[in-house]
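What follows is a short report on a single structure.
Quick note: the coordinates plus some simple rules give every number you see, no bench work behind them. Values in this document were obtained by computation on a predicted structure and should not be read as measured data. Backbone-built Cβ (ideal geometry, glycine too); neighbour counts: all protein chains shown.
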Amino acid sequence: MNERLSLALAADAVSLPPGRVLLLRPPADLDLDGLPEDVVAVHGFRPDHDALSGRGVQVAAEVEGAFDSAVVFASRSKALTFDMIARACAAVPAGAPVVVDGAKGDGIDSVVRLCRAVFEVGQVFAKAHGKCFAFPAGPVPVGWAAVPTQVDGFTTRAGVFSADGIDPGSALLAAHLGGISGRVCDLGAGWGYLARQVLASDKVTACDLVEAEHEALTCALANITDARATFHWADATIWTGGPFDVVVSNPPFHTARKADPSIGRGFVMAAARLLTPGGRLVMVANRHLPYEETLTAAFADHVVLADASGYKVIEARRPKRQRGHR
């Protein structure tokens, strides 16, 4: 349970007045003790969005309406954190409290310093390898509020994966998609780079983009105008659809700052479930990540198509029937 905010409230280090409270990207395990009753969590990451909803929290994908106070939960992406601070200040009256909570590993110390240069920051509450502080809402410096940017002919936005340019792993995977045809699914589609490469083939009849981050999918909608494309805001590991002839994927491999191969393994198992009996998965992964055991369990055969610059492109064919799957 993430308790730093509730502990800061209990210690009167920060306070939230009665009224409507905006929570920006709160952790799914947030301790809700001490919060006013009228809370709206805005979270674009579908698994956390759904987990909070399952706890009875009112959840939305985007900020709508006015609020009396706001809490920003710092992200690993500094640009996203300051964009959320800008959105919080825009959503509450001038002078209303904006609380910021974050872990040291996510750069909260630098956030405190930069906020102190702009706002009247109150007490800084330190607990559990992180900090929580508040300031009265006011104008934010130019550049804090994120705007869509153009990178290599694509629209991206602060906080999405590879916001500054095409991911090298995705580029390597794209170079091995020759001859792709039929119904295709891009699992973890991000802002649409791979899907655009897939749709360059006139032999592709449909391409479903599945992406858990709402902001990334919004960018993909701007980047992909092909009528064969369909967009799904969903957790790729549990999404149901298909069957597909081909699944392409550059799965995420980090939880917070730690490499977590279980995410990619979940993508592999999902791909096997979504494919036709003769279908194939073409994926890219960091060279050091151990997916072979999962690939062997989920597919009849798999082969490394490329190994370069720290990445490996893997093709897996003929998914094995999964127990309980019909």
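What net charge do the residues around GLY242 carry, taking every other residue with its C-beta under 12 Å from that of GLY242, with Lys and Arg at +1 and Asp and Glu at -1? Local charge sum for GLY242: 0.
Cross-link reach is defined here as a Cα-Cα straight distance under 20 Å, omitting same-chain residues fewer than 8 places apart; for LYS127 the aspartates and glutamates meeting it are GLU3, ASP12, ASP29, ASP31, ASP33, ASP101, ASP106, ASP109.
What FRET efficiency, computed as 1/(1 + (r/R0)^6) with R0 = 25 Å and r the Cβ-Cβ distance, is obtained for ASP38 and SER15, rounded to the nearest 0.05?
For R0 = 25 Å, the calculated efficiency reads 0.95.
Taking 7 Å steps out from each Cα toward its Cβ at ALA60 and GLN150 produces label points 3.1 nm apart. Beta-bridge orientation, the chain: approximately 45 percent antiparallel, per DSSP, counting only bridges with both partners inside.
Each part reduced to its alpha carbon centroid, segment 202-274 and segment 74-126 end up 32 Å apart.
Would you kindly state how much longer the chain becomes between ALA227 and ALA206 on full extension, computed as 0.36 nm times their sequence separation minus their alpha carbon distance, in nm to one decimal? Present the calculation step by step, with values, prior to reporting the outcome.
Numbers: separation 21, 0.36 × 21 = 7.56 nm, distance 0.85 nm.
Gain on stretching ALA227 to ALA206: 6.7 nm.
Amide H contacts for VAL151 (H built 1.01 Å from N in the peptide plane; partners 5 or more residues away or on another chain; cut-off under 5 Å): THR156. Straightening the chain between THR240 and ALA300 buys 19.4 nm, computed as 0.36 nm per residue apart minus the Cα-Cα spacing.
Classify the chain as rounded, prolate or oblate, taking a ≥ b ≥ c as the square roots of the eigenvalues of its Cα gyration tensor: rounded when a/c is under 1.5, otherwise prolate if a/b is larger than b/c and oblate if not. Working shown, then result.
On the way: a/c = 2.22, a/b = 2.01, b/c = 1.11.
Here the chain falls in the prolate category.
Computed from Cα positions, the angle between helix 214-223 and the longest principal axis of the chain comes to roughly 50 degrees. What do you get for the angle between helix 78-91 and the principal long axis of the chain? Use alpha-carbon atoms, 0 to 90 degrees, nearest ten. Taking Cα atoms only, the helix is inclined about 50 degrees. Each Lys and Arg Cβ is given +1 and each Asp and Glu Cβ -1; about its Cα centre, the chain then shows a dipole of about 880 debye. For segment 187-326, just say rounded, prolate or oblate: build the C-alpha gyration tensor, square-root its eigenvalues into a ≥ b ≥ c, call rounded for a/c under 1.5, and beyond that prolate if a/b exceeds b/c, oblate if not. It is rounded, given that a/c, with a ≥ b ≥ c, falls under 1.5.
Helices in the chain, meaning DSSP H runs of at least 4 residues, each add -39500 (n - 2.57). Divided by all residues, the mean residue ellipticity at 222 nm is -7500 deg cm²/dmol. The angle between the Cα long axis of helix 261-274 and the longest principal axis of the Cα atoms of the chain comes to about 50 degrees, rounded to the nearest 10. Net length available on complete extension from ARG321 to ALA126 is 65.1 nm, with 0.36 nm assigned per residue and the Cα-Cα distance removed. State whether segment 4-136 is rounded, prolate or oblate according to the following rule on the C-alpha gyration tensor (a ≥ b ≥ c being the square roots of its eigenvalues): a/c under 1.5 gives rounded; otherwise a/b larger than b/c gives prolate, and the remaining case gives oblate. Because its axes are fairly even, with a/c under 1.5, segment 4-136 counts as rounded.
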